[in-house]
Structures are given as C-alpha cells and as structure tokens.
1. So residue 29 clears everything in (1) in contact with a helix residue (DSSP H, G or I) (Cβ under 6 Å, 6 or more places away or on another chain); (2) surrounded by fewer than 17 Cβ atoms within 10 Å (Cβ to Cβ); (3) under 20 Å from residue 151 (Cα atoms) except one condition, right? Which one?
2. Taking the conditions exactly as written (part of a loop (DSSP other than H, G, I, E, B) and over 12 Å from the mean Cα position of the chain (by Cα)), does residue 31 satisfy them or not?
3. I'm checking my understanding of the structure. Among residues of region 40-60 that are at pLDDT 90 or above and in a strand (DSSP E or B), which one is surrounded by the most Cβ atoms within 10 Å (Cβ to Cβ)?
4. I'd like to verify a number: residues in region 101-117 that are surrounded by 15 or more Cβ atoms within 10 Å (Cβ to Cβ) and more than 15 Å from the chain's Cα centre (by Cα), how many?
5. Determine if region 151-158 includes at least one residue that is within 15 Å of the chain's Cα centre (by Cα) and either modelled with pLDDT under 95 or within 18 Å of residue 1 (Cβ to Cβ) (or both).
6. I'd like the full set of residues that are under 29 Å from residue 141 (Cα atoms) and outside any loop (DSSP other than H, G, I, E, B), limited to region 1-28.
7. Looking at residue 80, is it in contact with a helix residue (DSSP H, G or I) (Cβ under 6 Å, 6 or more places away or on another chain) and either surrounded by 12 or more Cβ atoms within 10 Å (Cβ to Cβ) or within 20 Å of residue 189 (Cα to Cα) (or both)?
8. Filter region 185-198 for residues that are touching a residue at least 24 places away in the same chain (Cβ under 8 Å) and outside any helix (DSSP H, G or I); which is farthest from residue 157 (Cα to Cα)?
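The values are calculated or read from the model by the stated rules, or taken from the named source; none is laboratory data. Here the structure is a predicted model, which means the values were calculated and not measured. Counting neighbours? That spans all protein chains shown, and the Cβs are built from the backbone with ideal geometry, glycine included.
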C-alpha cells in the first residue's frame, strides 16, 4: 500500500460543495484529481485505475473513507474521498466493494498506517503489525484474496530476480522511479518500496 498525499480539491468540486448541494455525485474533475494524487492506483489494493472514456466507463469508483451513511457531514469533504478499483475479482469483493459502510480506522492517508504494513515473502499477503489494522485489511477490505496476493507475490519474485542479477536495492527505486513516462505509479509499487526498505 502507498501513502496518499491529498492535494487541493478541484475548483469544480469547491463550487459544488459551496452550492448548498448535500448529496454526493461524482464529476470528471473530481475523479481526475483523485487519479492524479494517487498515481492512477487504487487507494487500497494498488491495482491500476483506468481513466473514464467518453462512454463514462472505467474500473474505478469514488470511496468515502468515512462512509456517507454514518458520516453525512463528510459526504462532500474532499479530504474524505479516495479512488478505488471496482473491487470485484471473480465475484470476490475487496477494497470499497468489500468495505461498504463498515468503519475503518486504517487509512492510506496516515504514514503510521503505511509504516505498519508488511508482506509475506512466500504468499504475498499484506499484513499490519497493528492487530486492529491487520483485521481490517483482511476482514473489511479483503486485501488478501487469492488474486491480489498472487499479484503481490509475483512482484516480490520479480524484485528478488532483479536483486539476484546484482542490481543494488537503492538502484531499483532510482532506475524505475516506480512511475511510467506519464507519471502514473507502477501497480503494486508499495510492495517494491517496502522491499527496498527491507
């Protein structure tokens, strides 16, 4: 998982929020701002998020970290909004799709949460050294479903293969920059960042 730095909300969103409107409706400028600040990755599982095309389809949705049902006062608060993948792999819900309106204390906006994260070397499982956050990663967000764990494991094996060729850990980060030419972060880059710290 990666730390997300919230930026300034887009002016179009400020206008909507200041208009007296009280119900959330996603707009392109909002989604574009969230995509950019997250490097085009899901806030929770780090899968690549696709931008909306002309037909308004995509593989992402706006997530309210504090859910709208229990925190209506935060419904339009930009600091409460993240972008997540559609959260469905082979009918196995994860991320926001699994979270629904369950409370969550773990946040990708807090460095201490990110610092608590680790990954299983043999299985790619994500885990936290904080028992409550670990429970939320597994039971609320379902981030250890089979395919997500397998993808993280493949990334870990790839990094180990690069290290076996004699490339130093500090150079992995520097060479790849963990972003592509368009500034989009590499899927599962949080795993690579964690490995280079270890």
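1. Condition (3) is where residue 29 drops out.
2. no
3. 41
4. Narrowing region 101-117 to residues surrounded by 15 or more Cβ atoms within 10 Å (Cβ to Cβ): 104, 106-109, 113-114, 116-117.
Right, trim to more than 15 Å from the chain's Cα centre (by Cα) and you get 116.
Qualifying residue count for the region: 1.
5. If we filter region 151-158 for residues that are within 15 Å of the chain's Cα centre (by Cα), which is where we start, we get 151-152.
This time we only want the ones that are either modelled with pLDDT under 95 or within 18 Å of residue 1 (Cβ to Cβ) (or both), so: 151-152.
Checked against the condition, which is being within 15 Å of the chain's Cα centre (by Cα) and either modelled with pLDDT under 95 or within 18 Å of residue 1 (Cβ to Cβ) (or both), region 151-158 yields at least one hit.
6. Here is the first cut: in region 1-28, the ones under 29 Å from residue 141 (Cα atoms) are 1-10, 13, 17, 22-28.
Within region 1-28, 13, 17, 28 qualify.
7. Values: in contact with a helix residue (DSSP H, G or I) (Cβ under 6 Å, 6 or more places away or on another chain): yes; either surrounded by 12 or more Cβ atoms within 10 Å (Cβ to Cβ) or within 20 Å of residue 189 (Cα to Cα) (or both): yes.
For residue 80, the condition - in contact with a helix residue (DSSP H, G or I) (Cβ under 6 Å, 6 or more places away or on another chain) and either surrounded by 12 or more Cβ atoms within 10 Å (Cβ to Cβ) or within 20 Å of residue 189 (Cα to Cα) (or both) - is met.
8. Step one: of region 185-198, the residues touching a residue at least 24 places away in the same chain (Cβ under 8 Å) are 185, 187-196.
Narrowing further to those that are outside any helix (DSSP H, G or I): 185, 187-188.
On the way: 185: 19, 187: 15, 188: 13 Å.
Per the stated criteria, the residue is 185.
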